């Protein structure tokens with residue numbers, strides 16, 4: 001009896017070990033083939049370890065480079081349980097570099113991790129994904145100014161019954177903007193140096209499924225903005241609406257924006273000299289009248305429209321949004 005049990009245990013171990021070695025070699029070939037067949041990707045070395053319960057993929061000096069984007073790092077690691085290969089966990093190094101449209105950035109973090117779960121079928125369509133970054137600091141290599149955040153959380157989840165839709169969530173806590181960007185948004189420095197919280201909750205409709213065959217080329221076509229929130233000092237911004245994206249990546253649609261303590265924001269814009277002093281009473285009276293219509297003079301609700309990237313407040317143009 002003991003002999004039979006021992007034979008059974010040894011046989012199970014050998015079978016599991018054989019599965020791991022076959023699976024690890026297949027995974028190593030698949031990742032290697034993807035790097036070889038993808039002109040934008042390269043790495044100095046590739047290894048798969050983790051016997052017996054995990055597949056741990058490590059890329060040494062990985063680089064992903066396109067005309068508009070370049071990412072590189074000393075290493076990248078992706079882990080999965082050998083009995084659950086469709087659930088991937090990624091760990092990133094503390095130091096990475098990014099190039100976006102010719103501008104180089106050094107990206108540092110205390111901790112950066114991501115999780116991706118695909119559906120257990122041949123197309124490996126994305127079921128859900130998330131990323132958490134603690135202690136983020138991004139600095140342009142040609143300038144000393146840095147964007148910083150205490151915590152960044154990103155998440156995506158497939159919408160049941162709609163293969164083209166994903167629910168997208170994002171939250172940024174403790175955001176500190178570079179001086180140049182802060183001067184654009186808060187020219188009078190009337191607000192605190194730190195934006196307490198940014199939050200996004202939306203459903204994004206893509207032109208094709210996010211799966212193994214189509215995911216890299218998928219483009220957003222429509223965004224249903226359920227909640228946009230910005231808390232910056234005593235000023236709060238909330239937004240809801242819906243926009244579409246055309247083939248050129250330009251947005252069109254309607255968003256209702258609600259600003260709490262809007263007078264403080266107006267004071268900062270006035271102090272920065274963004275309009276002629278002779279227009280001050282007209283602007284203040286117009287916005288004050290809109291606030292009184294809502295029944296709360298501290299809260300202002302504004303209809304924002306976007307037409308092919310051009311942003312309007314009512315009939316007044318405010319500027320342009322970049323193409324996605």
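Residues in the range 144-161 that are at negative phi and without any contact (Cβ under 8 Å) to a residue 24 or more places away in the chain were compared, and the one that is surrounded by the fewest Cβ atoms within 10 Å (Cβ to Cβ) is 160.
Condition check ((1) more than 21 Å from the chain's Cα centre (by Cα); (2) in a loop (DSSP other than H, G, I, E, B); (3) modelled with pLDDT of 85 or more) across all residues:
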site: 27; (1), (2), (3): yes, no, no
site: 51; (1), (2), (3): yes, yes, no
site: 57; (1), (2), (3): yes, no, yes
site: 78; (1), (2), (3): no, no, yes
site: 86; (1), (2), (3): yes, no, no
site: 106; (1), (2), (3): no, no, yes
site: 112; (1), (2), (3): no, no, yes
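Answer yes or no: is there a residue in the range 194-202 that is over 19 Å from residue 155 (Cα atoms) and out of contact with any strand residue (DSSP E or B) (no Cβ under 6 Å at 6 or more places or on another chain). No, because not a single residue in the range 194-202 is over 19 Å from residue 155 (Cα atoms) and out of contact with any strand residue (DSSP E or B) (no Cβ under 6 Å at 6 or more places or on another chain).
Taking the criterion of being over 13 Å from residue 75 (Cα atoms) and part of a strand (DSSP E or B), the residues of the range 40-49 that qualify are 41, 48, 49.
Within the range 243-265, identify whether any single residue is under 21 Å from residue 154 (Cα atoms) and free of Cβ contacts under 8 Å to residues at least 24 places away in the same chain, and answer yes or no. No, the range 243-265 contains no residue that is under 21 Å from residue 154 (Cα atoms) and free of Cβ contacts under 8 Å to residues at least 24 places away in the same chain.
The number of residues in the range 198-218 that are surrounded by fewer than 16 Cβ atoms within 10 Å (Cβ to Cβ) and either over 30 Å from residue 38 (Cα atoms) or in contact (Cβ under 8 Å) with a residue 40 or more places away in the chain (or both) comes to 4.
Only residues that are within 20 Å of residue 239 (Cα to Cα) and in a strand (DSSP E or B) were counted across the range 183-201, and they come to 7.
The values are calculated or read from the model by the stated rules, or taken from the named source; none is laboratory data. Keep in mind the model is a prediction, meaning the values are calculated, not measured. Quick reminder, even Gly has a Cβ in these numbers, built from the backbone with ideal geometry, and neighbours come from all protein chains shown.
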